[in-house]
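Undergrad: My questions will all concern the structure given below.
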Amino acid sequence: MAIAPRFRRVAALQREFVDREPLLDAFTNEIERVRAAMAAGESVPRVLNMTGVGGIGKSRLLRELRVQAPEGWRTAVLDLQVPAMRQQEDALAVLRAEFGKQGVRFDRFDIAYAVLWQRIHPHLRISRETLPFVEESGVLTEIIDSVAGVPVFGTALGLLKAAERVTSDARRRHRISRDETLSSLDELPNAEVADAVTYLFAEDLRDASISRPYVLTIDTYEALVPAPTRSGRTQLADVWLRDLVAQLDRGLVVIAGREPLRWDAYDADWHGLVRTCPVDELPMEARLALLGASGVTEEGERRRLARASAGLPFYLHLAVDTGDVGGNEEGTDSMRTRAATQREILQRFLQHVAADEVRTLEVLGVARIFDQEIFQTLTAALRLPGHVTAWESISSYSFVYPAGDQLRFHQLMAGALRDRLSAPARLELHQLLRDAWEQRAFEDPAEGGVTDQERSRSLGGRMLADPVAFREMVFHALHVGEITGVELLDLVEVAVRGGADGAAGGVLTDLREFLRENPAHVTSELTEAARVMDVETLLRRGEASQALELTPDENWNVSQPVGARLAVAAGQARRIAGQTTAALTIYNRAWAGQDDTARMGAGLWAADLHMCQGRFVEAERFATELDAIAERRHPECRGDVARLRHLAHRFAFDLTTSGRLLDEAAAYYQEARSYLGNANIRTNRAELLAFVDAPAAIPEAQAAIEVQTEIGAQHELGKCHTAIAVAELRLGNLDRAEPAFDAAVEALTRASYRSGLARARLYRGVLEARRGQVGLARESVCWAVSELEAAEVYPTLVLCAGAALRELGIEDQYVTDACQRAESAIQPLDSLDVLKGRIDALARDLLGFGGAA
């Protein structure tokens, strides 16, 4: 069978702009407008919107426009047909890599991206293995190299300090240290950090484009925002892209899609900035010219193919790919078969390709993306040719396009090939593809060569190795129809723990699309799983108000695992929003279910709330059952339970037992290699030592401050400064205690940590009492009690406030009444009298009546 000569394809590509003069003229005109705007010092984005039906040749034209870009201009491409490119962070990383190869330095963007990544993955630290483009980033490479292989925790403050310390380039150091946006990142919520990342990408690109503008082409816009529906959450899918393009004002952005953008419907400022250029079917003369340039010499054959193509270049190129289309009189009967329609052009092509190659094309048509490894895996499984020559033949066809590090078929060809397969055949191929991608998606954390940092990213014996493979595996698993909502949520948890929040978001996008396009496969469990993933994504990004909007009802079926997990997510949204009682009610409902994951999350937070509200018996009951669940899960979970118990005993002022449980929690966190867990243990140890060994508490708290400053946890910093203040207070160093209290209040105010502020103010009241400022002391203590009651937390501290006033001989009816309310709320682990005895002893010690440690 004949294989289309490669020179014919090259010739066809050279004639790509047959009858495309209007597009070329529009492109040239927009280039000149960019030049004129830059010369005039104007900053306005320019967008050329190429529109046309599928198969009209938009992707090829985009490639040619990049070639036609003026000499010296940079070029980059974003192909939204590639699933990962529809996620904001992944798309920015790809564009950063493309422009970075052409000399653009993205120092500020790299730091901001690392901060956002760290916010979304707080359990991980930045390393070459976790962050996409560390190797290409000069500033991040210098930072990581400077710490001798120790992973870096990505806060703006920590990264900026590290950059200032290690960067050898003075201009880079100055540029980074003086950037106001970078300096403010730690103060911003996650949604605003994401906006800042996009802004700094555009700023770095703008600074590099003063003398070298750029052409950015964006393909298959409709893959991001499916037409014709652009309402509700669907219309929000391209917000990040609109925001990015609006800031790209030193170049030209060319966006190809099936419909005009109409961005001015969302924002009137876009009016006049987007030029739409329709790409219509080729007229007959242009079709004949393209076929002739491609080697189709027989006039009758050219005209038949030209008519059959309906003017779509996809079918004209496919006709050329068929091979001997020049009217060879010695050809077989099938070779002289005349094509009369687009479908017949496709059939004619397949008739003139070897049978094994046809089967291989059909196999790959089920894949969204593929590479040589996937090709060889599938051909081996189906006993098809998998040698290099077969691969080169497949990958050189005109309908094969690059897709990042993989390849993809043109949508029309992929659809046509899938249509040739029976449902059982498609199912078998989805199974093969799922298995093939799964081999690449995970690695075993028990295998040799896996670092401690990598092993800490594992869950349930699985560790993410390749986010792209992970997403493709889940895509094919959905089409196999054997994956449950619970399995989906477990897989997404593996991705998030592995630092691939983008892949987790991509799975949600794929699930929504699958449910929309396959109504026969829609189940309530999958629909609810999509909702859980949606809410958890918002919570990871700190958008609790939006998470609340997605969980307005409370009719979750907690007897089912997915319903229970949705309830926990809804509870988290309410807890973060300050709706404590509502959150606890939801946690208690989820706790009554059977799903370990939901019960672990619900139980930990319920126990934490019980502990904070003085119900120590109830907290211990939860902790006992949580231990059994935690033993089946990650060691970090056991650390969480032990730390919860430590806090319960500390607030019950059983400091000996509290210390033992703190050591137990530390051991579990060490085993789990949990950076955040170990960091918080340092804070808790400093807080405990402030009451039992004041001299040791101060260096411990200072060490904890160093770690928490790197993390950027303001509430933890506030607790560390409070621990120093209490230790200095107990040591009688009142002048040293005061600035420590000031630092605590500053950090706790910044963190909006209400109960932490109340604690600090309570202990500051003791400082004022020891200085003889009795009026100020009473005011501070009363304010602290009112705040603790308003927040519905720490009744034992209310009793401590009452004991302190009694020791000082101060009568205050409000505090007395508050103490009565506190006593009725407390569930002591031993007895109320014993607990009150410990509290009285503590109050005397703090006031200096019982001697300092």
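The values are calculated or read from the model by the stated rules, or taken from the named source; none is laboratory data. Computed from a prediction, not measured in an experiment: that's the story for all the values here. Here the Cβ positions follow ideal geometry from the backbone for every residue, glycine too, while neighbour counts run over all protein chains shown. For the accessible areas, the whole protein counts, side chains as well, though only heavy atoms, and no ligand, DNA or RNA atoms are used. Shrake-Rupley method; radii C 1.70, N 1.55, O 1.52, S 1.80 Å.
Undergrad: So, in segment 95-131, exactly how many residues are at pLDDT below 85, assigned to a loop (DSSP other than H, G, I, E, B) and of a type outside the set (Val, Ile, Thr)?
TA: Counting residues in segment 95-131 that are at pLDDT below 85, assigned to a loop (DSSP other than H, G, I, E, B) and of a type outside the set (Val, Ile, Thr) gives 9.
Undergrad: Please count how many residues of segment 824-839 are buried (at least 18 other Cβ atoms within 10 Å of the Cβ) and out of contact with any Phe, Trp or Tyr (no Cβ under 9 Å at 6 or more places or on another chain).
TA: 1
Undergrad: Given THR580, THR585, which one is touching a residue at least 60 places away in the same chain (Cβ under 8 Å) and within 28 Å of ASP830 (Cα to Cα)?
TA: THR580
Undergrad: If you check ALA679, ALA672, ALA648, ALA652, which single one turns out to be at pLDDT below 95 and touching a Phe, Trp or Tyr at 6+ places or on another chain (Cβ under 9 Å)?
TA: After ruling out the rest, the residue left standing is ALA679.
Undergrad: Filter segment 637-663 down to the residues that are over 13 Å from GLU687 (Cα atoms) and touching a His at 6+ places or on another chain (Cβ under 8 Å), then identify the one that is surrounded by the fewest Cβ atoms within 10 Å (Cβ to Cβ).
TA: Restricting to residues being over 13 Å from GLU687 (Cα atoms) and touching a His at 6+ places or on another chain (Cβ under 8 Å), the top hit is THR657.
Undergrad: Of everything in segment 611-621, what is outside any strand (DSSP E or B) and either in contact with a Leu (Cβ under 8 Å, 6 or more places away or on another chain) or open to solvent by 40 Å² or more (accessible area, probe 1.4 Å) (or both)? Give them in sequence order. I'd like the intermediate steps shown before the answer.
TA: So in segment 611-621, the residues outside any strand (DSSP E or B) come out as 611-614, 616-621.
Selection gives MET611, PHE616, VAL617, GLU618, ALA619, GLU620, ARG621.
Undergrad: Quick one: would you say ALA703 is among the small types (Gly, Ala, Ser), surrounded by fewer than 18 Cβ atoms within 10 Å (Cβ to Cβ), free of Cβ contacts under 8 Å to residues at least 24 places away in the same chain and under 22 Å from LEU124 (Cα atoms)?
TA: So ALA703 passes the test.
Undergrad: Out of segment 102-127, which residues are under 12 Å from LEU182 (Cβ atoms) and not hydrophobic (A, V, I, L, M, F, W, C)?
TA: ASP107, ARG108, ASP110, TYR113
Undergrad: Looking at GLU71, GLU42, which is the one that is at pLDDT 90 or above, charged (D, E, K, R) and part of a loop (DSSP other than H, G, I, E, B)?
TA: GLU71
Undergrad: Then there's this: Report, by residue number, each residue of segment 358-392 that is in contact with a Ser or Thr (Cβ under 9 Å, 6 or more places away or on another chain), farther than 12 Å from ALA436 by Cβ and hydroxyl-bearing (Ser, Thr, Tyr).
TA: If the condition is that a residue be in contact with a Ser or Thr (Cβ under 9 Å, 6 or more places away or on another chain), farther than 12 Å from ALA436 by Cβ and hydroxyl-bearing (Ser, Thr, Tyr), then THR360 is the only one that fits.
Undergrad: Within segment 554-568, is there a residue that is assigned to a helix (DSSP H, G or I), touching a residue at least 12 places away in the same chain (Cβ under 8 Å) and surrounded by fewer than 18 Cβ atoms within 10 Å (Cβ to Cβ)?
TA: The initial filter retains those residues of segment 554-568 that are assigned to a helix (DSSP H, G or I), namely 561-568.
Add one more test, that the residue is touching a residue at least 12 places away in the same chain (Cβ under 8 Å), and what stays is 561-568.
This time we only want the ones that are surrounded by fewer than 18 Cβ atoms within 10 Å (Cβ to Cβ), so: none.
Scanning segment 554-568 turns up no residue that is assigned to a helix (DSSP H, G or I), touching a residue at least 12 places away in the same chain (Cβ under 8 Å) and surrounded by fewer than 18 Cβ atoms within 10 Å (Cβ to Cβ).
Undergrad: Out of GLY386, GLY415, GLY365, report the one residue that is open to solvent by less than 10 Å² (accessible area, probe 1.4 Å) and under 28 Å from GLU482 (Cβ atoms).
TA: GLY365
Undergrad: Looking at segment 182-194 only, could you name the residues that are surrounded by 15 or more Cβ atoms within 10 Å (Cβ to Cβ) and farther than 19 Å from ALA162 by Cβ? Talk me through it step by step, then tell me what you get.
TA: We begin by selecting, within segment 182-194, every residue surrounded by 15 or more Cβ atoms within 10 Å (Cβ to Cβ); these are 182, 185-186, 188, 190, 193-194.
LEU188, ASN190, ALA194 - these are the residues of segment 182-194 that are surrounded by 15 or more Cβ atoms within 10 Å (Cβ to Cβ) and farther than 19 Å from ALA162 by Cβ.
Undergrad: Can you work out which of the residues in segment 74-94 that are touching a Lys or Arg at 6+ places or on another chain (Cβ under 8 Å) and in a helix (DSSP H, G or I) is most open to solvent (accessible area, probe 1.4 Å)?
TA: ALA84
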